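A short worksheet on the structure shown next.
The values are calculated or read from the model by the stated rules, or taken from the named source; none is laboratory data. All figures in this text were calculated on a predicted structure; none of them were measured in a lab. As a convention, Cβ positions derive from the backbone with ideal geometry for all residues, glycine included, and neighbour counts pool all protein chains shown. To get the accessible areas, we keep the full protein, side chains included, count just its heavy atoms, and leave off ligands, DNA and RNA. Shrake-Rupley method; radii C 1.70, N 1.55, O 1.52, S 1.80 Å.
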Amino acid sequence: DVKVTQSSRYLVKRTGEKVFLECVQDMDHENMFWYRQDPGLGLRLIYFSYDVKMKEKGDIPEGYSVSREKKERFSLILESASTNQTSMYLCASSGGQPSYNEQFFGPGTRLTVL
Amino acid sequence: AQKITQTQPGMFVQEKEAVTLDCTYDTSDPSYGLFWYKQPSSGEMIFLIYQGSYDQQNATEGRYSLNFQKARKSANLVISASQLGDSAMYFCARTDYGGSQGNLIFGKGTKLSVKP
């Protein structure tokens, strides 16, 4: 059974803190993605990676960075958290068969920045 | 920006009836894929159905079918015989195969509520 896991379901941080969100997939997928989801805005792509150590900016990369040191793990980093980064963060992976582009999602991390 | 439009922020349907969720898209790429995802209140995104731009037939998966009208750039999701467990957010998404590595562009979603 395919699986994407995220390190936390709920997280509360203070403004200015450095925040790490971890995502792990066990499907040997090449591609991994980080989205944030806000009411009325749908899912917006922050960053994605199509290979180890490779990364590409999505639609809203400002204030975020990512790291992919191993194929199965994709980390999202908030260098200095701000209140406007309070959101639901979803990780996804793709690159398997039969549908290469089908994305499998993790359960999400609801981050609150105070 | 090329985008996905879901014009129905919320919809109601009576249990056991069929419902259509609208989705239109904008792309200049001749090769693309269309996806529908379901997101229950628990938050996980669940893949429902996929349609490739060159597929000759409309996709079907159990109670889900995709009404694909390529010329109109429309990919509506039809749910037959609605069940209470179908109450959720539904997102339409598109990927362009001529572009980057399969990242999806999502619509803003439709919240479906099934009434008993």
Across the Cα atoms of the protein assembly as shown, what radius of gyration and what greatest pairwise Cα-Cα distance (Dmax) are found, in Å? 17.5, 53
With every protein chain kept in place and a 1.4 Å probe, chain B has an accessible area per residue in Å² of 48
Counting Lys and Arg as +1 and Asp and Glu as -1, each charge on the Cβ, what is the dipole of the protein assembly as shown about the Cα centre in debye, to the nearest 20? 500
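Would you tell me the mean number of C-beta atoms belonging to other protein chains that fall within 10 Å of each C-beta in B:32-44, as a whole number?
Values: counts 1, 4, 0, 4, 0, 5, 0, 6, 0, 0, 2, 10, 6.
The mean count of partner-chain Cβ atoms within 10 Å per residue comes to 3.
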Using a 1.4 Å probe on protein heavy atoms only, how many Å² of accessible area do A and B hide from each other, summed over both chains and rounded to 100? 1600
Peptide-level mean, for B:16-27, of C-beta atoms on other protein chains within 10 Å: 0
Residues of chain A: accessible area per residue with a 1.4 Å probe, Å²: 49
Relative contact order of the stretch B:5-111, pairs being alpha-carbon contacts under 8 Å that are 6 or more residues apart, as %: 36
The stretch A:1-69 to the stretch B:15-29: how many Å between their Cα centroids? 27
From the C-alpha gyration tensor of the stretch A:12-57, square roots of 5λ in Å: 22, 16, 11
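Could you give the dipole magnitude of the stretch B:1-109 about its Cα centre, charging the beta-carbon of Lys and Arg +1 and that of Asp and Glu -1, in debye to the nearest 20?
Details: 9 positive and 10 negative charges, 37 e Å.
My answer is approximately 180 debye.
Sum up the charges of everything whose Cβ sits under 15 Å from the Cβ of A:L111, counting Lys and Arg as +1 and Asp and Glu as -1, but leave A:L111 out. Numbers along the way, then the final one.
Values: positive: A:R9, A:K13, A:R14, A:K18, A:R36, A:R44, A:R110; negative: A:E17, A:E22, A:D38, A:E79.
It works out to a net charge of +3.
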Towards the positive end of the charge dipole of the protein assembly as shown, with charges on Cβ (+1 Lys, Arg; -1 Asp, Glu), say which of B:L48, B:F68, B:Q14 has the farthest Cα. B:Q14
For chain A, size of Cβ-based charge dipole, Lys and Arg +1, Asp and Glu -1, in debye: 380
Go through the stretch A:46-73 and flag every residue whose accessible area shrinks by 10 Å² or more with all protein chains in place compared to the isolated chain (probe 1.4 Å). A:F48, A:Y50
Hey, if you drop one equal point scatterer on each alpha-carbon of chain A and run the Debye formula without solvent, what base-10 log of I(q)/I(0) do you get at q = 0.13, 0.14, 0.23 Å⁻¹? -0.44, -0.51, -1.34
Report the paramagnetic label zone for A:L41: residues of the stretch A:62-89 whose backbone N is under 20 Å from a point 7 Å from Cα along the Cα-to-Cβ axis. A:62-66, A:76-89
Restricting to Cα pairs below 8 Å that are 6+ residues apart, what does the relative contact order work out to for chain A? Please round to a whole percent. 36
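Working out 0.36 nm times the residue gap between A:D26 and A:E79, then minus their Cα-Cα distance, what length gain in nm do you get to one decimal? Each step should come with its number before you reach the end.
Values: separation 53, 0.36 × 53 = 19.08 nm, distance 2.70 nm.
The A:D26-A:E79 span can extend by a further 16.4 nm.
Round to a whole number: what % of the accessible area of the protein assembly as shown belongs to carbon and sulfur, probe 1.4 Å?
49
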Per 5 Å bin, what percent of the C-alpha pairs of the stretch B:1-80 does each bin hold, from zero upward? 3, 13, 24, 26, 20, 9, 4, 1
